[in-house]
Amino acid sequence: GTRWLVPPGSAFSLCRLVHWPGLRPVMPSGGYRLILLDPPWHSHSVRRARAYETIDKRVLLHQLPIPLLACQASCLVAVWVTNSRHVQRFVEQQLFPRWKAMP
(Lines give C-alpha, C1' and ligand atoms only; values in the text may rest on other atoms or scores of the structure.)
Protein backbone atom coordinates (compact mmCIF):
# COMPACT_ATOMS: atom_id res chain seq x y z
CA GLY A 1 0.00 0.00 0.00
CA THR A 2 2.91 2.49 0.02
CA ARG A 3 2.88 5.07 -2.77
CA TRP A 4 5.93 6.93 -4.00
CA LEU A 5 6.01 10.13 -6.03
CA VAL A 6 8.88 9.95 -8.51
CA PRO A 7 9.43 12.99 -10.76
CA PRO A 8 9.77 12.48 -14.53
CA GLY A 9 13.32 11.59 -15.56
CA SER A 10 14.03 10.11 -12.12
CA ALA A 11 14.56 6.60 -10.86
CA PHE A 12 13.83 5.20 -7.42
CA SER A 13 15.23 2.09 -5.81
CA LEU A 14 14.64 0.86 -2.30
CA CYS A 15 16.93 -2.14 -2.15
CA ARG A 16 19.71 -3.96 -0.39
CA LEU A 17 23.34 -3.28 -1.22
CA VAL A 18 23.69 -6.51 -3.22
CA HIS A 19 21.23 -5.09 -5.79
CA TRP A 20 23.13 -1.83 -6.44
CA PRO A 21 25.01 -3.13 -9.51
CA GLY A 22 21.59 -3.65 -11.13
CA LEU A 23 20.87 0.10 -10.94
CA ARG A 24 23.09 0.94 -13.92
CA PRO A 25 20.57 -0.29 -16.54
CA VAL A 26 17.83 2.00 -15.12
CA MET A 27 20.21 4.93 -14.62
CA PRO A 28 19.18 8.20 -16.26
CA SER A 29 21.30 9.30 -19.19
CA GLY A 30 24.46 10.87 -17.78
CA GLY A 31 24.03 9.41 -14.29
CA TYR A 32 22.13 10.26 -11.14
CA ARG A 33 22.17 13.89 -9.96
CA LEU A 34 21.06 12.93 -6.44
CA ILE A 35 22.02 9.81 -4.54
CA LEU A 36 20.53 9.46 -1.07
CA LEU A 37 21.81 6.71 1.23
CA ASP A 38 20.54 5.53 4.59
CA PRO A 39 23.03 2.80 5.54
CA PRO A 40 22.16 0.45 8.40
CA TRP A 41 25.06 1.54 10.60
CA HIS A 42 26.17 -0.52 13.59
CA SER A 43 25.05 0.91 16.92
CA HIS A 44 24.58 -0.34 20.45
CA SER A 45 20.86 0.48 20.51
CA VAL A 46 20.18 -1.36 17.25
CA ARG A 47 22.15 -4.35 18.45
CA ARG A 48 20.25 -4.40 21.79
CA ALA A 49 16.83 -4.04 20.13
CA ARG A 50 17.71 -6.32 17.20
CA ALA A 51 15.68 -3.86 15.15
CA TYR A 52 17.37 -4.58 11.81
CA GLU A 53 20.48 -6.05 10.24
CA THR A 54 23.46 -3.73 10.22
CA ILE A 55 26.34 -3.56 7.76
CA ASP A 56 30.07 -3.20 8.26
CA LYS A 57 31.17 0.23 7.07
CA ARG A 58 34.01 -1.29 5.03
CA VAL A 59 31.37 -2.90 2.80
CA LEU A 60 30.12 0.59 1.90
CA LEU A 61 33.67 1.68 1.20
CA HIS A 62 34.43 -1.14 -1.21
CA GLN A 63 31.12 -2.26 -2.72
CA LEU A 64 29.02 0.83 -3.49
CA PRO A 65 29.68 1.94 -7.09
CA ILE A 66 28.90 5.62 -6.45
CA PRO A 67 31.42 6.97 -9.02
CA LEU A 68 29.81 4.78 -11.69
CA LEU A 69 26.27 5.89 -10.82
CA ALA A 70 26.85 9.61 -10.20
CA CYS A 71 26.47 12.25 -12.89
CA GLN A 72 30.02 13.43 -13.63
CA ALA A 73 28.93 17.04 -14.20
CA SER A 74 27.09 17.44 -10.90
CA CYS A 75 25.75 15.03 -8.29
CA LEU A 76 24.67 15.56 -4.70
CA VAL A 77 25.45 12.54 -2.53
CA ALA A 78 23.63 12.61 0.82
CA VAL A 79 24.41 10.04 3.50
CA TRP A 80 22.42 9.71 6.71
CA VAL A 81 24.75 9.22 9.67
CA THR A 82 24.18 8.42 13.31
CA ASN A 83 25.23 10.80 16.06
CA SER A 84 28.40 8.76 16.43
CA ARG A 85 31.45 10.91 15.76
CA HIS A 86 33.23 7.74 14.61
CA VAL A 87 30.66 7.22 11.82
CA GLN A 88 30.78 10.89 10.86
CA ARG A 89 34.58 10.82 10.60
CA PHE A 90 34.42 7.64 8.51
CA VAL A 91 32.03 9.25 6.02
CA GLU A 92 34.01 12.51 5.80
CA GLN A 93 37.53 11.08 5.80
CA GLN A 94 37.19 7.72 4.04
CA LEU A 95 33.87 7.21 2.27
CA PHE A 96 33.54 10.56 0.48
CA PRO A 97 37.20 10.67 -0.67
CA ARG A 98 36.85 7.11 -2.02
CA TRP A 99 33.79 8.21 -4.02
CA LYS A 100 35.50 11.47 -5.08
CA ALA A 101 32.79 13.39 -3.23
CA MET A 102 33.38 16.55 -1.21
CA PRO A 103 32.13 16.70 2.41
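The values are calculated or read from the model by the stated rules, or taken from the named source; none is laboratory data. None of these values were measured; they are calculated from a predicted model. Cβ sites come from the backbone with ideal geometry, for glycine too, and all protein chains shown count toward neighbours. Side chains are part of the model used for accessible areas, which takes the heavy atoms of the whole protein and leaves out ligands, DNA and RNA. Shrake-Rupley method; radii C 1.70, N 1.55, O 1.52, S 1.80 Å.
Determine whether the stretch 84-96 contains at least one residue that is of a type in the set (Asp, Glu), open to solvent by 50 Å² or more (accessible area, probe 1.4 Å) and in a loop (DSSP other than H, G, I, E, B).
Kept after step one, since they are of a type in the set (Asp, Glu), are these residues of the stretch 84-96: 92.
Now restrict to residues that are open to solvent by 50 Å² or more (accessible area, probe 1.4 Å): 92.
Subset that is in a loop (DSSP other than H, G, I, E, B): none.
No, the stretch 84-96 has no match at all.
Counting the residues of the stretch 43-74 that are more than 20 Å from Cys15 (Cα to Cα), surrounded by 11 or more Cβ atoms within 10 Å (Cβ to Cβ) and of a type in the set (A, V, I, L, M, F, W, C) gives 1. Return yes or no: is Gly22 open to solvent by less than 100 Å² (accessible area, probe 1.4 Å), of a type in the set (Gly, Ala, Ser) and assigned to a loop (DSSP other than H, G, I, E, B)? No, not satisfied.
Among the residues of the stretch 25-44, those identified as out of contact with any strand residue (DSSP E or B) (no Cβ under 9 Å at 6 or more places or on another chain) and in a loop (DSSP other than H, G, I, E, B) are Met27, Pro28, Ser29, Gly30, Pro40, Trp41, His42, Ser43.
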